[in-house]
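S.K.: Sharing a structure, written as structure tokens. Questions coming.
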Amino acid sequence: MLYDFHSHTFHSDGVLSPIELIRRASVKGYSAIGITDHIGVGSLARVIKEVSEDCEVARSHWNILAVPGVELTHLPPQAIDEIASRAKALGARIVIVHGETPVEPVEEGTNLAAVKSRHVDILAHPGHLTAKEAELAAKNGVFIEITSRRGHCAGNIEVAKAATKAGALMLLDSDAHDEDDILTEKKAREVLGQAGISSRKFKQILKDNPLKLLQKLRRYAQL
Ligand SMILES: [Zn+2]
Ligand SMILES: [Zn+2]
């Protein structure tokens, strides 16, 4: 049982089409995959519609829960809540926010805006996480991402420490841009170990928390 809620297709800077990426994940044994292309505002409706159609076909014919979503990227922090809400209204079933990673820095305040928004499901690669941000994430049910993506993963140790202390729920995502980025279970465990996370918590992060996220998503929309 493998889950991944953060991936990219040719609708942003990924390589494959949504349906091809879903198919590759399905073949690799994934139970669910989120398709979350980088997006601003102008193309929100078009990309959500196109990705949703591929996800729907995949869900009805293959044994994988394909979840159409977006990764809000480089938005002014003050606009994040409103645009996340708009994305959900347009049919995005999952909304993630591109956090303050050390390698592709977005505006300061992005992490805080993401964990404050009830329309945001995952704060991706936060880079760093203050105690206040981690507490808000726990309170508002925003999942905190541990990432295998090169560069972004430099923040994993600090992020995992802050999330654990505050009781915020963590997930592991690949942030896949191509087929080879999709994680195997072995690789997933390696990344968690490198993030300083105890092996006792692996099942929680790799299975229990993904199921909690899916439960939350299903409260708002059919999947
Ligand atoms: Zn990102
Ligand atoms: Zn991404």
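S.K.: Give the carbon-plus-sulfur fraction of the accessible surface of the stretch 1-160 in %, rounded to a whole number; probe 1.4 Å, heavy atoms of protein chains only.
M.R.: Roughly 52 percent, rounded to a whole number.
S.K.: Rank L90, L112, L172 by mean-square fluctuation in a GNM of the chain with C-alpha springs under 10 angstrom and give only the top-ranked residue.
M.R.: L90
S.K.: For the stretch 1-63, just say rounded, prolate or oblate: build the C-alpha gyration tensor, square-root its eigenvalues into a ≥ b ≥ c, call rounded for a/c under 1.5, and beyond that prolate if a/b exceeds b/c, oblate if not. Each step should come with its number before you reach the end.
M.R.: Working: a/c = 2.14, a/b = 1.66, b/c = 1.29.
Taking the square roots of the gyration eigenvalues as a ≥ b ≥ c, the stretch 1-63 is prolate.
S.K.: Something else now. What ranking, highest mean first, results for peptides 60-66, 162-168 when packing means the other Cβ atoms within 10 Å averaged over each residue? Don't skip to the end; give the middle numbers.
M.R.: Values: 60-66: 15.6, 162-168: 18.4.
Per-residue mean Cβ counts within 10 Å order the peptides as 162-168, 60-66.
S.K.: Looking at the chain, send over the antiparallel percent of its DSSP beta bridges, to the nearest 5. Numbers along the way, then the final one.
M.R.: On the way: 0 of 25 bridges.
Percent antiparallel among DSSP bridges in the chain is about 0.
S.K.: OK, next. Debye calculation, C-alpha points only, no solvent: report log10 I(q)/I(0) for the chain at q = 0.13, 0.18 Å⁻¹, in the same order as the q values.
M.R.: Once normalised to I(0) and log-transformed, intensities are -0.64, -1.35.
S.K.: How about the stretch 89-121: which trypsin sites (Lys or Arg not before Pro) there are in a DSSP loop, with at most 14 other Cβ atoms within 10 Å of their Cβ? Mind showing how you got there, number by number?
M.R.: Working: sites: R93, K116, R118; in loops: R93, R118.
Taking the stretch 89-121 and a limit of 14 other Cβ atoms within 10 Å, the loop trypsin sites (Lys or Arg not before Pro) found are R118.
S.K.: Using θ = phi - 60° and the Karplus relation 6.51 cos²θ - 1.76 cosθ + 1.60, list the HN-Hα couplings for the stretch 96-103 in order, rounded to whole Hz, with x at every Gly or Pro.
M.R.: Rounded to whole hertz, the list is 10, 10, 5, x, 7, 4, x, 9.
S.K.: Of K28/K161; K28/K132; K161/K186, which ones are farther than 27 Å apart at the Cα? Provide the component values of the computation, followed by the final result.
M.R.: On the way: K28/K161 30 Å; K28/K132 38 Å; K161/K186 22 Å.
The pairs that break the limit, which is 27 Å between Cα atoms, are K28/K161; K28/K132.
S.K.: Hey, which lysines would be in cross-link range of K49, C-alpha to C-alpha under 17 Å, not counting anything within fewer than 8 residues on its own chain?
M.R.: K88
S.K.: Just the ratio, please: alpha-carbon radius of gyration of the stretch 110-183 over 2.2 N^0.38 Å, N its number of residues.
M.R.: Numbers: Rg = 11.8 Å, N = 74, 2.2 N^0.38 = 11.3 Å.
Against the empirical 2.2 N^0.38 Å value, I get 1.05 for the stretch 110-183.
S.K.: Also, I was wondering about something else. At 1.4 Å probe radius, can you tell me the per residue accessible area of the chain in Å²?
M.R.: Numbers: 9870 Å² over 223 residues.
I get 44 Å² per residue for the chain.
S.K.: Excluding Q215 itself, calculate the net charge of residues whose Cβ lies under 12 Å from the Cβ of Q215, where each Lys or Arg counts +1 and each Asp or Glu counts -1.
M.R.: Details: positive: K212, K216, R218, R219; negative: D121, D208.
Here the charged neighbours net out to +2.
S.K.: For the stretch 92-138, I need the span (max minus min coordinate) of the C-alpha atoms along each principal axis, in Å, sorted largest to smallest.
M.R.: Ordered largest first, the stretch 92-138 gives principal extents of 27, 23, 13 Å.
S.K.: Further question on the same structure: Report the longest stretch of the chain that contains none of the GluC sites (Glu not before Pro) sitting in a DSSP loop with at most 16 other Cβ atoms within 10 Å.
M.R.: Values: sites that count: E107, E108.
The longest uninterrupted stretch comes out as 109-223.
The values are calculated or read from the model by the stated rules, or taken from the named source; none is laboratory data. What you see is a predicted model; the values in this text were computed from it and never measured. A quick note on method: Cβ atoms are made from the backbone with ideal geometry, for glycine too, and the neighbour counts reach across all protein chains shown. Protein only, heavy atoms only, side chains kept; ligands, DNA and RNA dropped before computing areas. Shrake-Rupley method; radii C 1.70, N 1.55, O 1.52, S 1.80 Å.
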